[in-house]
Amino acid sequence: MRRVLVFDSGVGGLSVLEAIAASGVALELDYAADNAWLPYGLKSDAELRARVPALLAALEAQWAPALIVVACNTASTIALDAIRAAVAAPVVGVVPPIKPAAAQSKTGTIGLLATPATVRRAYTDDLIAQFAADKRVIRFGSSALVAAAEAKLRGEAVDASAITEAITGLFGAEGGDALDVVALACTHFPLLAADLAAAAPRPCLWLDSGAAIARRVLQLLSPAPGAPRVRRAGFTDPAAAHGLFSTLQQRGFAMARIAAAAPFSADPLPDGASA
Ligand code: DGL
């Protein structure tokens, strides 16, 4: 069975992994998170360009994936070229779904909800210029939502103020009364889609990249139909991820040690983590 490595700074990439798993094909799915550096959305471009390619090269050396999904808009929009140069496997990046959002908007006003880094990236400006030049695009950057999604997966309450702030930032902005599609351009945010929808002043389409990324993976690997196998999950700061272990184990993951990522790790590996 071919093996795919899905990577993010934290649990956000699980929204992408789940879309791949839902496609009903025989793939093995590994997950790695650079939680020692979470949140990426508050890191500088230069820091991310230096760290993420080197970390992915170390992960590739240990886990030998047939394909790597960089399930992180914040890393993809700044470092995709550097990542592709650093690893041998094909790389699928996740970038803001501006094109489908623009195509599906009836009012011509779309929202872009992403990390503070992604909303200000030149890559994002280019996507808007290319696919949404005739649309009003309301951008809102939030790292509080990243923390809220992490908390949700640890089984904790979602920070209502983070949700309210994002909803106000989008719908309360100039022209926000016409908003009908919001591009969820951070992989953490689909994990909060129900919370966002419930707090929104009216129904709108919350669009994420998961299904499109799953299609791209299938196109590149042509896996046989079958049951995907979720395999292992590793963290660069396993001690800080402890609160997530039971959620991940319930989803079928074995907690794994990423020995090759040791130079990137903040803390020693916990007892019981396997290689
Ligand atoms: N999940 C990541 C993304 O898609 C970023 C979260 C973070 O700030 O670390 O942008």
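Please treat every number below as a calculation from the coordinates, not as lab data. Here the structure is a predicted model, which is why all the values come from computation and not from measurement. Quick reminder, even Gly has a Cβ in these numbers, built from the backbone with ideal geometry, and neighbours come from all protein chains shown.
Observations on the structure shown:
- Within the shell defined by Cβ-Cβ distances under 11 Å, the residues around VAL16 carry a net charge of -2, with Lys and Arg each +1 and Asp and Glu each -1.
- Averaging the Cα positions of each part gives two centres, and for segment 205-243 and segment 42-70 these lie 16 Å apart.
- Gained length - ALA199 relative to ALA224, 0.36 nm times residue gap less alpha-carbon distance: 4.9 nm
- The chain: antiparallel DSSP beta bridges as a percent of all, rounded to 5: 5 percent
- The Cβ shell under 12 Å around SER76 holds other residues with a net charge of +1, Lys and Arg each +1, Asp and Glu each -1.
- Peptide packing: for 211-217, 14-20, the average count of neighbouring Cβ atoms within 10 Å per residue gives the ranking 14-20, 211-217, highest mean first.
- Legend: ranking of residues ILE163, ILE83 from fewest to most surrounding C-beta atoms inside 10 Å; resulting order ILE163, ILE83.
- Tilt relative to the chain, helix 122-131 - C-alpha long axis, 0 to 90 degrees, to 10: 60 degrees
- Relative protection proxy for 179-186, 232-239, from highest mean packing down: 179-186, 232-239 (other beta-carbon atoms within 10 angstrom).
- The Kirkwood hydrodynamic radius of segment 193-272, based on inverse pair distances between different Cα atoms, is 16.1 Å.
- Sparse packing (at most 12 other Cβ atoms within 10 Å of the Cβ) combined with a DSSP loop state is found for the following GluC sites (Glu not before Pro) in segment 107-206: GLU156, GLU174.
- Estimated 222 nm signal from helices in the chain, with DSSP H stretches of n ≥ 4 weighted -39500 (n - 2.57), rounded to 500: -11500 deg cm²/dmol
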